[in-house]
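Single-structure report; data block below.
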Amino acid sequence: MRQRSIGGTSVSAIGLGGMPMSIEGRPDEDRSIRTIHAALDAGINFIDTADAYHLNAGEVGHNERLIAKALATYGGDTADVLVATKGGHLRPGDGSWTLDGSPGHLRQAVEASLKALGVDAIGLYQFHRPDPKVPYAESLGGLKELLDAGKMRLAGISNASVEQIDLARSILGEQNLASVQNQFSPAFRSSEGELEHCARLGIAFLPWSPLGGIVRAGELGSRHAAFQEVADARGVSPQQVTLAWMLAKAPVVIPIPGASRPESIIDSARAPELELSAAELARLDQA
Ligand SMILES: NC(=O)c1ccc[n+]([C@@H]2O[C@H](COP(=O)([O-])OP(=O)(O)OC[C@H]3O[C@@H](n4cnc5c(N)ncnc54)[C@H](OP(=O)(O)O)[C@@H]3O)[C@@H](O)[C@H]2O)c1
């Protein structure tokens, strides 16, 4: 698998998003473990998770524990696998997503994630989403303290504007913002400004829900005709075309398609091999 970089750490150009294996509609554990092992077999060494990827109250860290278990039971070497988790979002168990961006919560969340992942330092820790009740600089100050304390090797942010990216760089230190994780897909392109900003600064940009999200990913080709047409011409899936289109945008882009079946992630992992022509890319940009 072709490699890209997050804060100087080499990772596969496609990551695995863990969310579908722990929220509504999740499969049984055996299928999830097979999905994660299939990703590793395909050369993926970057996995995205969050403490809030769970269903019921009382199972915070479900997805983190699942990934830790899959890594522990994998037959091959997992030393170079970068696991990225997040804190700052909560799920009380009624289906809703709430926020707590206070430094006190982040301190407690990071300890819980260290335990759930079974590590001494988290590979990449991302502040999940700005909390309107807490000044952003305060949340970032909390993240910086945890970075300085060695709780994480790399720090990132998610759901951030260009201004928030700049603020994060000034608070964490210019070289210490490793990644920005924002929504970006054929249906959701308004984060292209942040993508370009990250490309200029050399910060990894991790598109979330790159295929349109768990519910709509299967309909990508019927919702976006140009992606289906390029896929048909190339004999690949429209999901693979989408990921290849994103990868071509800038060397900092590392999409994290979710999966709950081995087949999905095996197909997505082929995207770095698909070289789209300038004409195809221009067409998809305009679609
Ligand atoms: N930072 C944030 O606020 C935030 C928000 C949302 C998501 N995320 C992260 O981003 C990741 C990806 O987003 P997402 O999971 O919401 O949506 P997504 O990646 O757009 O779609 C996920 C769905 O795509 C299907 N899929 C994947 N590859 C496919 C392929 N090659 N062909 C056909 N179908 C394919 C999977 O189906 P199967 O389930 O059948 O395998 C999966 O359920 C999440 O897992 C999570 O790690 C972050």
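No lab work stands behind these numbers, since they all come straight from the coordinates. Since this is a predicted model, take the numbers as computed values, not measurements. For neighbour counting, all protein chains shown are included, and Cβ atoms are generated from backbone atoms with ideal geometry for every residue, glycine included.
Taking 0.36 nm per residue of separation and subtracting the current Cα-Cα distance, fully stretching the chain between residue 72 and residue 121 would add 16.0 nm.
Sorted fewest first by neighbouring Cβ atoms within 10 angstrom, 158, 96 come out as 96, 158. Overall, the chain carries a charge dipole of about 20 debye about its Cα centre when +1 sits on the Cβ of Lys and Arg and -1 on the Cβ of Asp and Glu, all other atoms neutral. Looking at the stretch 105-175, the GluC sites (Glu not before Pro) that sit in a DSSP loop and have at most 15 other Cβ atoms within 10 Å of their own Cβ are 174.
Looking at the stretch 141-287 alone, DSSP beta bridges between its own residues are antiparallel in about 0 percent of cases.
Once both labels are positioned 7 Å from their Cα atoms along Cα-to-Cβ, the gap between residue 10 and residue 41 label points is 2.4 nm. Helix 225-234 axis versus longest C-alpha principal axis of the chain: approximately 70°, rounded to the nearest ten. Eight or more residues apart or on different chains, and alpha-carbon atoms under 26 Å: count the Lys pairs in the chain matching that. Counting lysine pairs in the chain gives 12.
Taking trypsin sites (Lys or Arg not before Pro) across the stretch 94-183, the ones in a DSSP loop with at most 10 further Cβ atoms lying within 10 angstrom of their Cβ are 133.
Would you calculate, for the chain, the mean residue ellipticity at 222 nm contributed by helices, counting each DSSP H stretch of 4 or more residues as -39,500 (n - 2.57) and dividing by all residues, to the nearest 500? Write down the numbers at each step before the final one.
Details: 11 runs with 114 residues, N = 287.
Here the helix-only value at 222 nm equals -12000 deg cm²/dmol.
With respect to the chain, whose longest principal axis is taken over its alpha-carbon atoms, helix 29-41 is tilted by about 70°. Spatial offset of the stretch 191-268 relative to the stretch 1-62 amounts to 16 Å, using the alpha carbon center of each. The charge dipole of the stretch 1-73, taken about its Cα centre with unit charges on the Cβ of Lys, Arg, Asp and Glu (plus for the first two, minus for the last two), comes to roughly 300 debye.
Going by neighbour counts of Cβ atoms within 10 Å, the residues 16, 167 line up, fewest first, as 167, 16. Spacing of the modelled spin labels on residue 148 and residue 34, each 7 Å from Cα toward Cβ, amounts to 4.9 nm.
FRET efficiency for the pair residue 278 and residue 188, taken as 1/(1 + (r/R0)^6) with r the Cβ-Cβ distance and R0 = 22 Å, rounds to 0.40. The C-alpha atoms of the chain define a longest principal axis, and helix 62-73 lies at about 70 degrees to it.
Can you give the extra length, in nm with one decimal, that the chain gains between residue 222 and residue 59 once fully stretched, where that is 0.36 nm per residue apart less the Cα-Cα distance?
Details: separation 163, 0.36 × 163 = 58.68 nm, distance 3.60 nm.
Between residue 222 and residue 59, full extension yields 55.1 nm more.
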